[in-house]
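Okay, structure first, notes after.
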Amino acid sequence: MTISENEQQRVIDWALRENACTPEALLPVLHAIQDALQYIPELAFDALAHALNLSRADIFGVISFYSDFRLQPPGRHLLRLCRAEACQAMGGRSLEAEVRRRLQIEFHATTDDGHVTLEPVYCLGACACAPALTLDGSLHGRVDLARLSVLLDQLEIPR
Amino acid sequence: MTTATVYVPGDSGAIAVGAEEVARAIVGESDSRNIAINLVRNGSRGLYWLEPMIEVVREGRRYAYGPVKTDDIAGLFDADFLRGGDHPLALGWTEDIPYLREQERLTFRRVGVVDPRSLSDFIAHDGFTGLRRALALAPSAIVDEVITSGLRGRGGAAFPTGIKWRTVAETVSVQKYVVCNADEGDSGTFADRMLMEGDPFLLIEGLTIAGIAVGATRGIIYIRSEYPHAERMLQQAIMVASEAGYLGIDILCSGRSFMLEIRRGAGAYVCGEETALLESLEGRRGQVRFKPPLPAHKGLFGQPTVVNNVISLATVPVILQRGAAFYAEFGRGRSRGTQPFQLSGNVRRGGLIEKAFGLTLGELIFDWGGGTATGNAVRAAQVGGPLGAYLPTLHFDTPLDYEAFAARSAMIGHGGVVVFDSTVDMAEMARFAMEFCAVESCGKCTPCRIGSVRGRELIDRIIAGDDVVRNIETLRDLCDTMMEASLCALGGMAPLPVLSALEYFSADFARDDMPEAAQRD
Ligand SMILES: Cc1cc2nc3c(=O)[nH]c(=O)nc-3n(C[C@H](O)[C@H](O)[C@H](O)COP(=O)(O)O)c2cc1C
Ligand code: SF4
Ligand code: FES
């Protein structure tokens, strides 16, 4: 899914309008852009630097520090698997292995067909219903291999 | 006939196991049967193994069923569950479920009970009575009350909340801030999330009291991005509270003002550390600041700032309402009051248990938790998040209080307890602790940034059976360096899980090439 530069620019302008033009608005602005576009496009750098009185290096430094922000569009689906201890105690590692096997990718990668992006997450607050993951933003708990298989099967039906 | 009320949790933990589908099925079924119902999306009672747990009102009391699946709905209607009819999923009176009955719910007394979207429900359950009392007191008297209660920070460091407030109150400045730390990064913890989703007005009340006590007119809730549902609940609650005059200018015509806003984190564990959090709020990379200055003197934008955890702040209203002496009666030693413990991992009955400090770890895991979910023997519990020690069953007699845990080189932290069964490989868990530290290090100091990577490599070698005795020795030295020389507790405490694993589960590190004598548990 490509987003035209016009559309990107429109989102960036809107994100800047919605927030005060001060350096501390950087995170809220980045969130607003990524909520709309799912990533931070190259176009944003100069616009944000100018509007928030920051350097491009400042902006890049912040984007690279926080694991939420992406510089590339993700796949059509986003799978975030909890790798933390409570989920491990309930079989999280075998889920991890199964996801890798099915999708043939590692964490922080997107399948070749651009279908699914896999990201690690360290606790989703659903520890008492472990293991947990989010798929396109929806939280799923008590995910055993069978449940995982159903979720992945649903994804493999092309839209 | 009066319209029956059905409670189906809107808590994201319950939604993760199907509460949304259950709610939809109940509405669908009642429509097709032409029965009018009043559906309330309450918070979770915290009995997660029973979620989705639904409740109805029978003889004026709440009656529970669970765990409910969509397939069960038709049968529940057939059994007339709306009036508490008999059904295999019936759990009886909610408050008589032993897991809940034996708790001491002060901070969580409303969670799961009320409709978290309803200000009138909050007020009907004593909401804002703490704030009203605070408004009638001099600010210094509020601070004294919190000091006397013995409340210590529930975010992890256990610093006395009232003392922190006094420092900010006594520091002169035109603009002070109260920052609520809702980053809840510790794995195995979910109390902040449950509270924000299940009783968001309570957090607003606590924050407002803090603002009045220290003379801060602005408050900010820094919430992790993994909690979108909690963020929405808070956003809505702030709007409603502002419209009703509980927030904003001239609160309840008292002449005091307090503005509250929400800021979202962006996936960095270290931003739960208070100074990294402040950096993040100022729009920068979340790197830890050197102390001094303390945030209480120079915090957000260089101004005096209270940084408190969600649970610390949400506990203040009950202290004001019932009095410091009432609160301080709970607890043990220097750990006063109650703590919402969060039990998870490989445990039969995972959930939230608010209890006075002092019960033992074993009571929590066996009496409440019922042992492991798999039915295997319990082998270890990690207490206090990813930087907390792994304890063997031998030490399950340790009372849950700050000092008793410190004496075991362990910590209670934010109150998370993660249980592992006999299949756990503790060398792998030690490796994970170092890996986590490497992933999440803010990079400001070398012992943490480089040490964690080196630590993971060393454990890899140990797991591979390579020069095990020497590598363990090097690993211990490395842990010492990290503990002594790290700037914050991420690098300073990541060695805790590693060293405790080495200490109590040494057999897991004994690979084939090890001399017999070293291969003991
Ligand atoms: C690496 C690290 C992560 C932390 N994460 C959190 C957190 O997620 N939530 C929290 O309340 N405190 C966290 N803390 C503790 C805070 O630095 C601080 O002590 C706390 O917010 C103070 O509030 P309290 O006194 O009410 O506990 C963390 C500390 C460190 C070193
Ligand atoms: S110990 Fe780690 S997280 Fe803490 S300041 Fe040093 S590098 Fe940053
Ligand atoms: S540890 Fe996986 S959700 Fe908390």
Q) What FRET efficiency would be calculated for the residue pair residue B:101, residue B:239, taking the C-beta separation as r and a Förster radius of 35 Å, to the nearest 0.05? A) 0.45
Q | Whole-Hz ³J(HN,Hα) from phi, Karplus 6.51 cos²θ - 1.76 cosθ + 1.60, for segment B:310-321, glycine and proline x | A | 3, 5, 4, 5, 6, 8, 4, x, 5, 5, 5, 5
Q) For the residue pair residue B:125 and residue A:72, what label-to-label distance in nm results when each label sits 7 Å from Cα along the Cα-to-beta-carbon direction? A) 4.7 nm
Q) Over segment A:8-108, what lengths in whole Å, largest first, do the semi-axes of the equivalent ellipsoid take, defined as the square roots of 5 times the eigenvalues of the alpha-carbon gyration tensor? A) 33, 14, 11
**Q.** At most 15 other Cβ within 10 Å, DSSP loop - chymotrypsin sites (Phe, Trp or Tyr not before Pro), segment B:381-426
**A.** none
Q) Put a dot 7 Å past each Cα toward the Cβ at residue B:170 and residue A:10; how far apart are the dots in nm? A) 5.8 nm
**Q.** Amide proton proximity set for residue B:332, modelled H, under 5 Å, gap of 5+
**A.** B:337, B:357
Q. Can you give me the relative contact order of chain B as a percent, contacts being Cα pairs under 8 Å and 6 or more apart?
A. 13 percent
(Q) Below 8 Å, C-alpha to C-alpha, sequence gap of six or more: please give me the relative contact order for segment B:1-132 in percent. (A) 25 percent
Q. Put a dot 7 Å past each Cα toward the Cβ at residue B:69 and residue B:132; how far apart are the dots in nm?
A. 4.8 nm
Q. Given a Förster distance of 51 angstrom, what is the FRET efficiency for residue A:107 paired with residue B:367, based on the Cβ-Cβ distance and rounded to 0.05?
A. 0.85
Q. Among B:417, B:469, B:168, what is the fewest-to-most ranking by other Cβ atoms within 10 Å?
A. B:469, B:168, B:417
Q: Would you mind ranking B:86, A:35 so that the residue whose beta carbon has the fewest other beta carbons within 10 Å leads the list?
A: B:86, A:35
Q: Would you grab the residues whose amide H sits under 5 Å from the one on residue B:40? Only those 5+ places off in sequence or on another chain, please, with H modelled 1.01 Å from N.
A: B:6, B:7, B:8
Q) Among B:493, B:53, which comes first, second and so on when ranked by fewest other beta-carbon atoms within 10 Å? A) B:493, B:53
Q. Under the rule of -39500 (n - 2.57) per DSSP H run of 4 or more residues, summed and divided by the residues of chain B, what mean residue ellipticity at 222 nm is obtained, to the nearest 500 deg cm²/dmol?
A. -11000 deg cm²/dmol
Q. In whole angstrom, and with the biggest value first, how far do the Cα coordinates of the protein assembly as shown range along each principal axis?
A. 75, 62, 61
Q) From the phi of every residue in segment B:458-470, what ³J(HN,Hα) in whole Hz does the Karplus formula 6.51 cos²θ - 1.76 cosθ + 1.60 yield, where θ is phi - 60° and glycine or proline is x? A) 4, 5, 4, 5, 4, 4, 6, x, 9, 6, 4, 4, 5
Q | Straight-distance crosslink candidates among lysines, where the alpha carbon sits under 27 Å from residue B:164 and sequence neighbours closer than 8 are dropped | A | B:176, B:291, B:298, B:355, B:444
Q: Using 0.36 nm per residue of separation minus the Cα-Cα distance, give me the extension gain between residue B:325 and residue B:466 in nm, one decimal.
A: 45.0 nm
**Q.** Stokes-Einstein translational diffusion, segment B:331-421 - Kirkwood Rh over all Cα pairs, 0.890 mPa s, 25 °C, in µm²/s
**A.** 195 µm²/s
Q. If you take the Cα Rg of chain B and divide it by 2.2 N^0.38 Å, with N the number of residues, what do you get?
A. 1.01
Q) How large is ³J(HN,Hα), in whole Hz, for each residue of segment B:39-53 in order, when computed from phi with the Karplus curve 6.51 cos²θ - 1.76 cosθ + 1.60 and θ = phi - 60°, using x for Gly and Pro? A) 8, 10, 9, 7, x, 8, 6, x, 9, 5, 5, 9, 6, x, 9
**Q.** Exercise: per-residue mean of other protein chain Cβ atoms within 10 Å, A:113-126
**A.** 5
Q: Along each of the three principal axes of the Cα atoms of segment B:215-294, give the extent in whole Å, ordering the values from largest to smallest.
A: 41, 32, 15
Q: Within the set of other residues whose C-beta is less than 10 Å from the C-beta of residue B:309, count the net charge using Lys and Arg as +1 and Asp and Glu as -1.
A: -3
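Computed from the coordinates by the stated procedures, all read-outs in this text should not be read as laboratory data. Computed from a predicted structure; not experimentally measured. Quick reminder, even Gly has a Cβ in these numbers, built from the backbone with ideal geometry, and neighbours come from all protein chains shown.
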